[in-house]
Amino acid sequence: MREIAVNLQERSYKILVEKGTLQRIGKRAERLGLHSPIAVITDPTVQNLYGDVICAMLRNQGYQFGLFCIPGGEACKNLDTVRVLYDQIIDLGVERQGGIVALGGGLVGDIAGFVAATYLRGIRFVQVPTTLLAQVDASVGGKTGVDHPRGKNLIGAFHQPSLVLIDPSTLKTLPARELLCGLAEIIKHGIIGDPKIFAFVQKNLHELLSVDEETYADLVARNCRFKAKVVEQDEKEAGLRAILNFGHTIGHAIECLTGYTRYLHGEAVAIGMLAETLIGLRMGISSEDLFEEIFAVIRDAGYPLDLPGVSAEQIVEAMRRDKKVLQGTIRMVIPKRLGQIEVREIKEERLILESWKDLQSRLRTTGPPEKNDTLSDDVGATT
């Protein structure tokens, strides 16, 4: 078992990475001192895969519980879904000493965490992430929330989990696109702060795309350690934690402009990392060699690089509605070299406009990425 501590004084918790940890959820809940009843929040696909296991383990430990499903997809990440969950949890009778188990991907974790943060002014919750994206990013750090029609994650709260349980064997059930979605965040961590992670991805891309569980157990743990160190220094994104937004400023704009349907989050972030590096190139911070190195990994992994049919002007307007804007000025993470970044204010819109058009031109000349034979064609429901 790999164990990572997130040290935040009275809000400290552990991340446990271990094959088969789903079957120990009941005992882990008991050690935390969670009282019955417990609310388990998941989505239909994850319920079909792991719902029976989780329910059996809680039942064996003597817990009363309710299993509540939210619809899959970004369209359900809103206050209407939260209201339904409030009703179900109140009917179940969850009390202050009870808790919530978030079983699923980042979307489930964000919604369940927001409900936990706001129900009875805050109750404990356990993150059980079943997607790579959630395991290396969304489940760690306490960011919870839902979308607003005008922007992604505009409504939320910081609410740290009491425990994060990661079972790398759940990655075997992931569709190919969802695996790449999480790998984008891993690549991001390598660029912004841990070049060894980036080098590991470069060297072991085949094993990662074919989902070798031991390879992922080590890599997930290393990514969790990296993010934990950032969160420990800046829990509520007052400064350092902003580095985790690399690729997200433009990535969130792409998601919003395409209705959260054309790209998965990691796919949009991959495009965002390329665009933001080109902005850095125009600012004299990034280099052409750095862009080519990042582009090579993203291309070889097989991310969709057919840019959406939105204008550079639309990208800028969507970015202005993002929560990372400070006093009307767009702030962006710019890579200087692998492991070193700068957070800059982008006061000249032309930098964004020109870089977006430059990226469009570069991708037209390279053509679509080659299909990876190691990836499944299954791009349906996710876990």
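Annotations
- Single unsatisfied condition, E3 versus (1) under 26 Å from T173 (Cβ atoms); (2) at pLDDT 95 or above; (3) in contact with a Ser or Thr (Cβ under 8 Å, 6 or more places away or on another chain); (4) of a type outside the set (V, I, T): (3)
- Verdict on I89 being within 26 Å of the chain's Cα centre (by Cα), buried (at least 17 other Cβ atoms within 10 Å of the Cβ) and more than 27 Å from G182 (Cβ to Cβ): yes
- A residue that is aromatic (F, W, Y), surrounded by fewer than 17 Cβ atoms within 10 Å (Cβ to Cβ) and either in a strand (DSSP E or B) or outside the structural domain of A253 (by TED's automatic domain parsing) (or both) can be found somewhere in the stretch 152-162.
- Hey, V126 in contact with a Lys or Arg (Cβ under 8 Å, 6 or more places away or on another chain), crowded, with 24+ Cβ neighbours inside 10 Å and closer than 30 Å to V201 by Cα or not: yes
- Test for G72: is it touching a helix residue (DSSP H, G or I) at 6+ places or on another chain (Cβ under 7 Å), over 20 Å from L165 (Cα atoms) and either surrounded by 14 or more Cβ atoms within 10 Å (Cβ to Cβ) or in contact (Cβ under 8 Å) with a residue 60 or more places away in the chain (or both): yes
- For the residues A312, A296, A275, the requirement of being of a type in the set (G, A, S), surrounded by 21 or more Cβ atoms within 10 Å (Cβ to Cβ) and assigned by TED's automatic domain parsing to the domain that holds K188 singles out A275.
- Meets criteria (touching a Ser or Thr at 6+ places or on another chain (Cβ under 9 Å) and at negative phi) for G280: yes
- Just one of the listed residues (G251, G182) is free of Cβ contacts under 8 Å to residues at least 24 places away in the same chain and crowded, with 24+ Cβ neighbours inside 10 Å, and it is G251.
- From V115, V146, residue being surrounded by 24 or more Cβ atoms within 10 Å (Cβ to Cβ) and in contact with a strand residue (DSSP E or B) (Cβ under 9 Å, 6 or more places away or on another chain): V115
- Helices (runs of 4 or more DSSP H) contained entirely in the stretch 49-142, each with at least 1 residues that are touching a Gly at 6+ places or on another chain (Cβ under 7 Å), closer than 29 Å to T261 by Cβ and modelled with pLDDT of 95 or more: 79-92, 106-118
- Any hit, the stretch 213-231, residues being touching a Pro at 6+ places or on another chain (Cβ under 6 Å), more than 17 Å from V6 (Cβ to Cβ) and hydrophobic (A, V, I, L, M, F, W, C): yes
- Tally of residues being polar (S, T, N, Q) and buried (at least 17 other Cβ atoms within 10 Å of the Cβ) across the stretch 1-43: 3
The values are calculated or read from the model by the stated rules, or taken from the named source; none is laboratory data. Quantities reported herein were computed from a predicted structural model and do not represent experimental measurements. Virtual Cβ from ideal backbone geometry, glycine too; neighbours counted across all protein chains shown.
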